[in-house]
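Read through the structure below, which is laid out as structure tokens, and then see the notes.
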Ligand code: AMP
Ligand code: GLY
């Protein structure tokens, strides 16, 4: 098969690496790609916002499957254009991508189908939102409705903070994404990420993970896209997976199919494991980044076969098998992240750092004059397998320490929650 991968981050490098391992792969193309992806794919200079140009490329190169990594092209309708042109695509339609593109859309769907989630109200003006906040008090959660690159959520511990978040949102802090907002009850519990491959009707469980969103050790400091992750999340017991499928994923799939907008692609549920069972915090319509990296390290099956089956509506007879080992990834970021990262610092020693059971995925690198440099906030994902999360972590940090990149930093405590659990249980 000829496959075209859209995206340029560590998630897409992991997808390229795993797709390249498929005996069914003839040729892999990627746009825009990155220097890590270039080891597995031909990089194509193509404007991915120009959906007709993407479709034309697919016809010219006889592409059998397009795999879309990030959410923005999906919300913008890339999958619709490709499907209309008869091209198989892994990723949802714009209508189904509203699960990530509009928090209010998802909350209303949960409401209609009795899917457990925090109680909420939607607002399009500050006075009504503030009156509601004064009635509810803190802690409370304020969310810009649209895509805000992970920055649109305020978990307000005081009423003053909550009121400020409402003003910021309606004053344009998140652009058009903040024209509407959702205010929801604060949920208490441990968070976990749960993934399913979906083909419109069938949802196939595709692993669990936990990530670290804060930039600082001990989960402190500003939010980021994720500073590290591990899989599996032991907190997601088989009973919790069953409850999540029955009360959250399956009603979502049925609800969207009934509305004429079936979901295909990867459904990523952000869950809060509360005393009353799992509740949906949010949906994403793509793999997590860096969660994808740890999932794919553990996947035994052929990713290409699974993604093509999802695209073709053929998931029902499929299963996914996983290695017994755990995987953990440490994000190395450029100094300044998550503010303004310093670009251009040289990176060396990647070949020596990788090895059996250790993969270094490129997230924000560039090749300049034959050398590798930092070109983004999150730059490398140092990913390792191990018999336990603790062992995977040891191997990942051993690799981190072999990388020669004075311009980068990472958290030293990725996996602490899972390791505390392993120590306690073991
Ligand atoms: P989101 O972008 O919706 O994933 O939200 C970002 C983070 O805010 C989540 O990972 C949670 O840590 C937190 N969060 C979101 N909604 C709630 C909620 N209702 N209660 C408590 N924490 C929340
Ligand atoms: N790591 C969180 C995300 O991909 O949304």
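We did not get these values from a lab; they are worked out from the coordinates using the rules stated. These numbers come from a predicted model, not from an experiment. In this analysis, Cβ positions are derived from the backbone assuming ideal geometry, glycine residues included, and neighbour counts consider all displayed protein chains.
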_Once each part is reduced to its C-alpha centroid, what is the distance from the range 195-274 to the range 293-324 in angstrom?_
16
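Tell me, rounded to the nearest percent, the portion of alpha carbon pairs in the range 312-426 spaced more than 22 Å apart. Show your work: numbers first, answer last.
Values: 2779 of 6555 pairs.
That tail contains 42 percent of the Cα-Cα pairs.
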_I need to check one value: relative contact order of the range 1-122, counting alpha carbon pairs closer than 8 Å and at least 6 residues apart, in percent._
21
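Over the range 216-287, what is the relative contact order in percent, taking alpha-carbon pairs closer than 8 angstrom and at least six residues apart?
With pairs under 8 Å counted, the relative contact order is 22 percent.
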_the chain: translational diffusion in µm²/s, Stokes-Einstein, Kirkwood Rh over Cα pairs, 4 °C, 1.567 mPa s_ = 59
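Just from its helices, what would the mean residue ellipticity at 222 nm be for the chain, if runs of 4 or more DSSP H residues each count -39500 (n - 2.57) and the sum is divided by every residue, rounded to the nearest 500 deg cm²/dmol? If you can, show how the numbers build up before the last one.
Details: 15 runs with 131 residues, N = 426.
One gets -8500 deg cm²/dmol as the mean residue ellipticity at 222 nm.
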*Nitroxide proxy distance, nm - points 7 Å out along Cα→Cβ at residue 217 and residue 254*: 4.9
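To check you understand DSSP bridge types, tell me what percent of the beta bridges within the chain (both residues inside) are antiparallel, rounded to 5. Can you show the working numbers first?
Working: 67 of 82 bridges.
Antiparallel bridges make up about 80 percent of those DSSP assigns within the chain.
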_Over the chain, relative contact order from alpha-carbon pairs under 8 Å, at least 6 apart, %_ = 16
*So how much slack lies between residue 398 and residue 108, counting 0.36 nm per residue of separation and subtracting their Cα-Cα distance, in nm?*
99.8 nm
*Within the range 1-158, percent of DSSP bridges classed antiparallel, to nearest 5*: 20
*How long is the gain from residue 168 to residue 42 if the chain were fully straight, where each residue apart is worth 0.36 nm and the alpha carbon distance is subtracted?*
41.1 nm
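Taking other Cβ within 10 Å of each residue's Cβ, how do 230, 132, 397 sort, fewest first?
Details: 230 31, 132 15, 397 18.
Going from sparsest to densest Cβ surroundings: 132, 397, 230.
Which length gain, in nm to one decimal place, applies between residue 84 and residue 323 when the Cα-Cα distance is subtracted from 0.36 nm times their residue separation? Walk me through the numbers on the way to the answer.
Numbers: separation 239, 0.36 × 239 = 86.04 nm, distance 3.74 nm.
Stretched out fully, the residue 84 to residue 323 stretch lengthens by 82.3 nm.
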*With each pseudo-label sitting 7 Å past Cα toward Cβ, what's the residue 159-residue 49 distance in nm, one decimal?*
4.3
